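Colleague: Pasting a structure here, questions to come.
The values are calculated or read from the model by the stated rules, or taken from the named source; none is laboratory data. What you see is a predicted model; the values in this text were computed from it and never measured. So basically every Cβ, Gly included, is an ideal-geometry build from the backbone, and we count neighbours across all protein chains shown.
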Amino acid sequence: MSIITKRSLSRRTMLRGLGATIALPLLDGMIPALTAATRTAAKPVQRLGCIYVPNGMEMRAWTPAAEGAGYGLSPILEPMKPFYDQTMVLTGLADKVAVPLPGEGIGDHARASSTWLTGVHVKKTEGPDIRAGISMDQIAAQTLGKHTQLASLELALDSVEVLGACDAGYSCAYANTISWRTPTTPLPMENDPRAVFERLFGASNSTDAATRLARIRQEKTILDVVTEEIGSLSRSLGSNDRQRLNEYLEAVRDVERRIQTAESQSNRELPVLDQPQGIPDSFEKHIQLMYDLLALAYQADLTRVGSFMISREVSSRSYPQIGVPDGHHAVSHHQNDPVKLEKLAKVNNYHVKQFTYFLDKLRNTPDGDGTLLDHSIFVYGSGISDGNIHFHLDLPMMLVGGGAGQFKGGRHVRYKNETPLANLYVSVLDKLGVPTEQFGDSTGKLEYLTDL
């Protein structure tokens, strides 16, 4: 009989300094000695991400021509080529609860975003008496969040401070988020990278805002105030863990540096105790910074559940950097004009391209016996297919990631028309170890996610 005496670090090891708390990624030294020796790793931690894009798609440029394994990527999905084997395009799914009831009339954009993750028809109101349903990501967070500092992380790029009515007869609460903790509690989406960074790595155990702001004004980074702890920890690690730790900390430093650059370029005068604003001056810098923050949150196991609104419904954001100076919402009402359709497809393709920036980062981040991408499930899509007619059927949806070996990618799966989108969520929750018999308007689990 051999005796293994190797000590292991706690999975919850933290680096602490004045106003800073740095959680660490999974290191070899955190794996129990017996597990490390036999290489029979424990069941990997799984992550969930829900990525929402507004205003529908140019469906003719989104939907692959062939079905099954070996399908050819469509023009919009072309950036997904490096992740082909971990991507499933799902066709035929419907968000029927977003369709107006008799007498409700217009308001499809508000219904699209508010039902996409809830599967529940929302109450039409411009007042405080809003009502939707608990969203799928929050059902996952109730279980997965028991093991992390944050139950979930909600991100956005557009300002969510808009109040009143954002779509005819509907409160802005329905358009400002896709995540609902309860049927009457929409979760705010954060679009300021500094606010997200401080939530992840700032004074999580202190309410002293003055201390935090003093550190920022002295141009000290989060890592500057935990230097001694870093040195002490590094000396106790093996060479592989030291390299992994250094790479992770450099990623943290890079994100904070980019936030500081954005702040220095801002002309806004801020009151002393206000949260510093760190929103970059370009869409691409902003979205990549937010994706980096989400990746770091997953890597350090600060949360296992994230949702991200690339933009709000009815967004008029233009994209001159890709040759689309028109507003996104305007080109989504294309009226079959070839010029507008081409512009819409460019916007859709650009959003997918930014998503692959995030996927590439996850694929290159080790996590246990695989990578973060291997152990994650990402739902990407919209609550509208054809934006010209606000169509809520045959939605543009894809499932990306390894799901810890529970999904078989490289396929375009076509389901029977009007199959509830909620069936996908019942299946995803089951794969995450959160079995749910009924969700929204679901009628059962979605078949063929593992194989045909």
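Colleague: Among the listed residues T91, T40, T21, T5, which satisfies the condition of being modelled with pLDDT of 95 or more and either of a type outside the set (K, R) or at positive phi (or both)? Let's see the steps before the verdict.
Modeller: On the way: T40 fails: modelled with pLDDT of 95 or more; T21 fails: modelled with pLDDT of 95 or more; T5 fails: modelled with pLDDT of 95 or more.
Among T91, T40, T21, T5, only T91 is modelled with pLDDT of 95 or more and either of a type outside the set (K, R) or at positive phi (or both).
Colleague: Mind listing just one residue for me: the one in the range 332-350 that is within 29 Å of G306 (Cα to Cα) and buried (at least 22 other Cβ atoms within 10 Å of the Cβ) and, of those, nearest to the chain's Cα centre (by Cα)?
Modeller: My answer is N348.
Colleague: Could you check, for the range 327-343, whether at least one of its residues is closer than 20 Å to L155 by Cβ and either part of a loop (DSSP other than H, G, I, E, B) or in the same structural domain as L373 (by TED's automatic domain parsing) (or both)?
Modeller: For the range 327-343, residues closer than 20 Å to L155 by Cβ and either part of a loop (DSSP other than H, G, I, E, B) or in the same structural domain as L373 (by TED's automatic domain parsing) (or both): present.
Colleague: May I pose another question? Would you mention how many residues in the range 225-253 are of a type in the set (S, T, Y) and under 29 Å from the mean Cα position of the chain (by Cα)? Walk me through how you get there before you give the answer.
Modeller: Initial filter on the range 225-253 (of a type in the set (S, T, Y)): 227, 232, 234, 236, 239, 248.
Checking the rest, the ones that are also under 29 Å from the mean Cα position of the chain (by Cα) come to 248.
Result for the range 225-253: 1.
Colleague: Quick one: how many residues across the range 46-90 are of a type in the set (V, I, T), in contact with a Phe, Trp or Tyr (Cβ under 7 Å, 6 or more places away or on another chain) and closer than 17 Å to L421 by Cα?
Modeller: Number satisfying all stated conditions: 1.
Colleague: Looking at (1) in contact with a helix residue (DSSP H, G or I) (Cβ under 7 Å, 6 or more places away or on another chain); (2) closer than 13 Å to M88 by Cβ, which one does L399 not meet, given that it meets all the others?
Modeller: Looking at each condition in turn, L399 falls short on (1).
Colleague: How many of the residues making up the range 311-326 are crowded, with 23+ Cβ neighbours inside 10 Å and either of a type outside the set (D, E) or in a helix (DSSP H, G or I) (or both)?
Modeller: Matching residues across the range 311-326 total 1.
Colleague: May I pose another question? For S264, all conditions in the list (1) at pLDDT 90 or above; (2) surrounded by fewer than 21 Cβ atoms within 10 Å (Cβ to Cβ) hold save one; what is the number of the exception?
Modeller: All conditions pass for S264, except number (1).
Colleague: Return the residues of the range 111-138 that are farther than 16 Å from D167 by Cβ, surrounded by fewer than 24 Cβ atoms within 10 Å (Cβ to Cβ) and out of contact with any Pro (no Cβ under 8 Å at 6 or more places or on another chain); say none if nothing qualifies.
Modeller: P128, D129, Q138 - these are the residues of the range 111-138 that are farther than 16 Å from D167 by Cβ, surrounded by fewer than 24 Cβ atoms within 10 Å (Cβ to Cβ) and out of contact with any Pro (no Cβ under 8 Å at 6 or more places or on another chain).
Colleague: Check off (1) more than 16 Å from the chain's Cα centre (by Cα); (2) modelled with pLDDT of 95 or more; (3) closer than 26 Å to Q288 by Cα for H121 and give me the number that stays unchecked.
Modeller: (3)
Colleague: Another question, if that's okay. Hey, among I31, I76, which residue is at pLDDT 95 or above and crowded, with 18+ Cβ neighbours inside 10 Å?
Modeller: Matching residue, one of I31, I76: I76.
Colleague: Return the residue satisfying two criteria in turn: it lies in the range 139-168 and is touching a Gly at 6+ places or on another chain (Cβ under 9 Å) and within 21 Å of E313 (Cα to Cα), and of such residues it is surrounded by the most Cβ atoms within 10 Å (Cβ to Cβ).
Modeller: L153
Colleague: From the list G370, G327, which one is on the phi < 0 side of the Ramachandran plot and modelled with pLDDT under 95?
Modeller: The match here is G370.
Colleague: Quick check, is Y425 within 25 Å of G306 (Cα to Cα), free of Cβ contacts under 8 Å to residues at least 60 places away in the same chain and in a helix (DSSP H, G or I)?
Modeller: When the stated conditions are applied, Y425 does not pass them.
Colleague: To continue, here is another question. Please verify whether K340 is touching a helix residue (DSSP H, G or I) at 6+ places or on another chain (Cβ under 9 Å), basic (K, R) and within 17 Å of P54 (Cβ to Cβ), treating the condition exactly as stated.
Modeller: It is true that K340 is touching a helix residue (DSSP H, G or I) at 6+ places or on another chain (Cβ under 9 Å), basic (K, R) and within 17 Å of P54 (Cβ to Cβ).
Colleague: If I go through the range 91-109 residue by residue, how many of them are exposed (fewer than 13 other Cβ atoms within 10 Å of the Cβ) and more than 21 Å from L421 (Cβ to Cβ)?
Modeller: Of the residues in that region, 3 qualify.
Colleague: Name the residues in the range 77-112 that are within 30 Å of K408 (Cβ to Cβ), part of a helix (DSSP H, G or I) and of a type outside the set (A, V, I, L, M), would you?
Modeller: Within the range 77-112, E78, P79, K81, P82, F83, Y84, D85, Q86, K96 meet the criteria.
Colleague: Continuing with the same structure: Return the residue satisfying two criteria in turn: it lies in the range 169-185 and is part of a loop (DSSP other than H, G, I, E, B) and at pLDDT below 95, and of such residues it is surrounded by the most Cβ atoms within 10 Å (Cβ to Cβ).
Modeller: Top of the filtered list is C172.
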